[in-house]
Amino acid sequence: MKKQIIFIAIFIILASALYAQSVAAISYVDGWVDIKDGSGSAFEAFIGDDLFPGNSVITGKNSYAELLEKTGSTYKMSPETVFTVREMESNGKKESVLAVTVGEVAFKFNKVASSEPMIATHSTVAGVRGTEFVVYSGVDGSSLIAVTQGLVEVEAAGKSVSLNPDEAVEVKPGSPPGDKIQLLGIRLDFSKWNENKKQEFLNNPVEALKAVDKRLDYYNSKVQELYPIYLELHEKGNKEWAEYQKIKKEQGDVTGNQYRDTVMIETTRITSAYILNLRYYALSALSMRRYIVGNMYAEIKSRYITKLNDPLFTEFYKLYTEILKKFEEKTIFQINETDI
């Protein structure tokens, strides 16, 4: 039975990958830029390379990249940026989610595009309409969204704010959006903002890590919420598979295939949606653990390497180990070797 469940899950994932369409293509590269694919392999990016769901674009120091969609929309990545294309199921349809993991990405969506994807960071999600804006993702998990044209709806912690041209908002992990910032035509300096975020973290590392922990709890809770339903659907799928085999044997292939194409296909569709969303939240948690929590720990340990018994480091390290434990207990089972 277990092998059958695994087989069905793998079949659904492979079927989705087989029919995946390119989200965009590399249209400009300056310096060293990598693409990491869904299998975990990384290779140098060149103009014309396609980007598919599950792929990441990673720019090195002093390196830039630009992606071009078929609609004419563009995504421009600044140095030391990690940008990932994910997918999730929402309202019965598959949606692209463009995740700015760390760094700076400038988005310009063509107004003739039929639909625009969600934009995600470690602290927020944003819906856009005919928009030109920049997303900054900081070292502490905070985000800053600044709008040049159009409208951006920024949501975090159950609250949202609408940004118009020349407006920005900062969102800290686990918190709702802050007050609007009036830009007055001034472009924000990501390096300066990110350095301020780093200094705030160093001034109070325990509180900064608590904020990240709150956001990670959200991802972990979503995995825990979806997983039991996913198991029920798999059990239902296994029973339908057995019934399909029985019908084929007793009533022939035609009747069996009718059952497959009506009853089984719906269960497969719903199961596929749950797999997709489980992966989305699990990979979001993994990304935050790797790029935010891991970097926070490395930064603090390097500063306290000769005084590991310092009360501040002790408190920080205790919380850090608790975060890792929760991730391993609640989410790690949804992660495979290629994700690591």
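Phe109 meets each of the listed conditions (1) open to solvent by 30 Å² or more (accessible area, probe 1.4 Å); (2) in contact with a Lys or Arg (Cβ under 9 Å, 6 or more places away or on another chain); (3) of a type outside the set (A, V, I, L, M) apart from (1). Restricting to region 269-304, what's the tally of residues that are in a helix (DSSP H, G or I) and either surrounded by fewer than 18 Cβ atoms within 10 Å (Cβ to Cβ) or free of Cβ contacts under 8 Å to residues at least 40 places away in the same chain (or both)? Total satisfying the criteria: 11. Residues that are under 24 Å from Gly38 (Cα atoms), in a helix (DSSP H, G or I) and out of contact with any helix residue (DSSP H, G or I) (no Cβ under 8 Å at 6 or more places or on another chain) do occur in region 308-328, at least one of them.
Of the residues making up region 199-216, those that are open to solvent by 60 Å² or more (accessible area, probe 1.4 Å) and part of a helix (DSSP H, G or I) are Gln199, Glu200, Asn203, Glu207, Lys210, Lys214. Sub-8 Å Cβ pairs linking a first residue in region 145-157 that is over 13 Å from Arg187 (Cβ atoms) and open to solvent by less than 10 Å² (accessible area, probe 1.4 Å) to a second residue that is in a loop (DSSP other than H, G, I, E, B) and of a type in the set (Ser, Thr, Tyr), at least 6 apart or interchain, are Ile145/Thr124; Val154/Thr124; Ala156/Ser123; Ala156/Thr124; Ala156/Ser175, ordered by first then second residue. Taken over region 132-144, residues that are crowded, with 24+ Cβ neighbours inside 10 Å, under 13 Å from Ser191 (Cβ atoms) and in contact with a Lys or Arg (Cβ under 7 Å, 6 or more places away or on another chain) amount to 1.
From the list Gly127, Gly92, Gly72, pick out the single residue that is more than 28 Å from Asn164 (Cα to Cα) and open to solvent by 10 Å² or more (accessible area, probe 1.4 Å). Step through it out loud before you land on a result.
Values: Gly127 fails: more than 28 Å from Asn164 (Cα to Cα); Gly72 fails: more than 28 Å from Asn164 (Cα to Cα).
Of Gly127, Gly92, Gly72, the one residue that is more than 28 Å from Asn164 (Cα to Cα) and open to solvent by 10 Å² or more (accessible area, probe 1.4 Å) is Gly92.
The values are calculated or read from the model by the stated rules, or taken from the named source; none is laboratory data. Computed from a predicted structure; not experimentally measured. Don't worry about glycine lacking a Cβ; one is built from the backbone with ideal geometry, like all the others, and counts go over all protein chains shown. Just so you know, the surface numbers come from the protein's heavy atoms only, side chains and all, with ligands and any DNA or RNA stripped out. Shrake-Rupley method; radii C 1.70, N 1.55, O 1.52, S 1.80 Å.
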